[in-house]
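Chemist: Before I ask anything, here is the structure I am working with.
The values are calculated or read from the model by the stated rules, or taken from the named source; none is laboratory data. The model shown is predicted, which means the values in this text are computed figures rather than measured ones. Using ideal geometry, Cβ is built from the backbone for each residue, glycine included, and neighbour counts are taken over all protein chains shown.
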Amino acid sequence: MGKTGTGKTHIGCAAVNFLQKLRSKYIIFNNLMRLLLNSFKTSEKSEYDILQKYICCDFLVLDEIGLTNDSEYTMRTLYTLVNERMLREKATLLITNFKYDEYKKYLYKHDERLYSRILAKSNFLFQFDWQDYRAKNISAHHRYRSP
C-alpha cells in the first residue's frame, strides 16, 4: 500500500516472475472486472471460468485495489476472490494506493467480512511511502534548458 510510483507494481510483477514454477497470475483489479462484465455479453468464457482462473492459481497479485467503481458487484467479487483464496490457503498480494488507515476505512465501509479477511488474516502489510520514482525521473529529464 502507498503512493503512486513507489514500486508496488514492480515488486508484485517481480514476485510473479520469481515464482514462475508456481501457477502465478498478475492482474489489475479493474481489468478483471472488465473481463467478468464482458463475460455476460459473450459466451467465450463464463464468469465462473474467469474467476476460477484467479481463485485457483497458487500465487495472485491483484493490483490497484480501490480504483474501480465500488458497486455491490465489484465488492462482492473482491470478497469472493479473497475468501476463496483464503479457504484454499493460496498466497495473495493485494496492491493499493491507499494508506493503511484509508485502506481500513475503505474495506470496512464496504464489507466487514472483507475487512476482517484481508486485515486480520494478513501476515504482512507494507507501506510504500517514499518519493514517486517516476515523477522524480520525469522532472530530472524535463528540466528547462535555456538556448
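Table: residues versus (1) assigned to a helix (DSSP H, G or I); (2) under 27 Å from ALA14 (Cβ atoms).
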| site | (1), (2) |
| --- | --- |
| ASN38 | yes, no |
| LYS45 | no, no |
| ILE55 | yes, yes |
| GLU89 | no, yes |
| THR92 | no, yes |
| PHE98 | no, yes |
| GLU102 | yes, yes |
| LYS105 | yes, no |
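Chemist: Would you say VAL16 is modelled with pLDDT under 95 and within 17 Å of GLU84 (Cβ to Cβ)?
Modeler: Working: modelled with pLDDT under 95: yes; within 17 Å of GLU84 (Cβ to Cβ): no.
In short, no.
Chemist: Still on this model: Specify the residue that is surrounded by the fewest Cβ atoms within 10 Å (Cβ to Cβ); the eligible residues are those in the stretch 61-87 that are of a type in the set (A, V, I, L, M, F, W, C), part of a helix (DSSP H, G or I) and in contact (Cβ under 8 Å) with a residue 24 or more places away in the chain. Explain how you work it out, then say what you get.
Modeler: Our first condition is that a residue be of a type in the set (A, V, I, L, M, F, W, C); within the stretch 61-87, this holds for 61-62, 65, 67, 75, 78, 81-82, 86-87.
Subset that is part of a helix (DSSP H, G or I): 75, 78, 81-82, 86-87.
In the following step, the residues that additionally are in contact (Cβ under 8 Å) with a residue 24 or more places away in the chain were identified as 75, 78, 81-82, 86.
Details: MET75: 18, LEU78: 24, LEU81: 21, VAL82: 23, MET86: 13.
Among them, the one singled out is MET86.
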